[in-house]
Amino acid sequence: MKNLITAALVSLAFAGTAAADNIYINNGVDYGGNNADTAAGNTTTGWKHSLALTYESNSVVQDLDNNGALSVGDTIVSSGGMIGSALLGNNSVTALKTAEFGGTGPSNNGYGANWAISFRFNDLMGTYDGTDFNYTSGNIDWFLLDSTNGFGTEVHLFTTTVTNHTYTSGNQVFSGNIGNFGTDTVNGVAAGDIFNIAYGNTSMSFEQYATQFVDTVRFRIDQNTDKPNVTGYDANKGEIYVSGKHDGSLEFAVPEPTTLAILGLGLLGFAGASRRKS
């Protein structure tokens, strides 16, 4: 029975991730924005397809054979986003994107002028395979800044944990799960309820979804990377230092309600089979 349930949960964790789901953001204040096309009242944005982002990174490559160049098996640890003296303008969500073209699109509720979203990471790790780095793990922390406190207080929203990675020339795709929701509030809205995702004919906050189901909201970052800049080499430590600039998009997805229902019936069937065997 335990193995059957584990198999079902694994299937659930990877179901329905082919396409991004629409989201909206509720930061608790009506900042106006471009129009009145909001998703759930005047303190929210309209429905959005993805978030555009930009950031700078710094990496340390462990040069295992001390040849001063990348070789198969060399490892990397990357950090980036709003770390140290990094500037918000160079490390942030730059736009709330929709799938629509032309027109003004759904409301941004004053994004950019009145509030902003940024992120940071310091443990994105991977291994060089002879062509590029395969990243295998890492956590990215996301936070919100609001003009009600002068953009001076970061409110932690959630953490995205990288579990999968693919690449082509100049392009990196990271994906994984969302968790570690913040415990503070923004303008009276709990951090875990600020981001909301379409679910069937309704919507759920990210934290509400994670609480109600065994699964979590998934994310996908599709980014373009400028040619990396080698900034130094320490032969004594066997370390190569690299910096880079990146831009891309962040999308979110959850399994469809019908998928969850079918898998739930499957679990009930497993339970019945186990009772008949006992």
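How would Asp146, Asp129 line up from fewest to most surrounding beta-carbon atoms within 10 angstrom?
Fewest-to-most Cβ neighbours within 10 Å comes out as Asp129, Asp146.
Taking Rh as the Kirkwood radius computed over C-alpha pairs, what is the Stokes-Einstein D of region 17-254 at 25 °C in a medium of viscosity 0.890 mPa s, expressed in µm² per second?
Result for D is 131 µm²/s.
Between Asn171 and Asp184, how many nm apart are label points set 7 Å from Cα along the C-beta direction?
So the two model labels end up 3.7 nm from each other.
What is the extension gain from Thr153 to Asp30, computed as 0.36 nm multiplied by their sequence separation minus the C-alpha to C-alpha distance, in nm to one decimal?
Extra length from Thr153 to Asp30 when fully extended: 42.3 nm.
What FRET efficiency, computed as 1/(1 + (r/R0)^6) with R0 = 51 Å and r the Cβ-Cβ distance, is obtained for Asn236 and Asn201, rounded to the nearest 0.05? The partial results should precede the final answer.
On the way: r = 62 Å, r/R0 = 1.21.
Working from the Cβ atoms, E equals 0.25.
For Ser243 and Asn139, calculate 0.36 nm times their separation in residues minus their Cα-Cα distance, and state this gained length in nm to one decimal.
Length gained between Ser243 and Asn139: 35.6 nm.
Bear in mind that the values in this text are calculations on the coordinates, not laboratory data. Quick caveat, the model's predicted, so the values are computed rather than measured. Ideal geometry is used to build each Cβ from the backbone, glycine not excepted, and the neighbour counts take in all protein chains shown.
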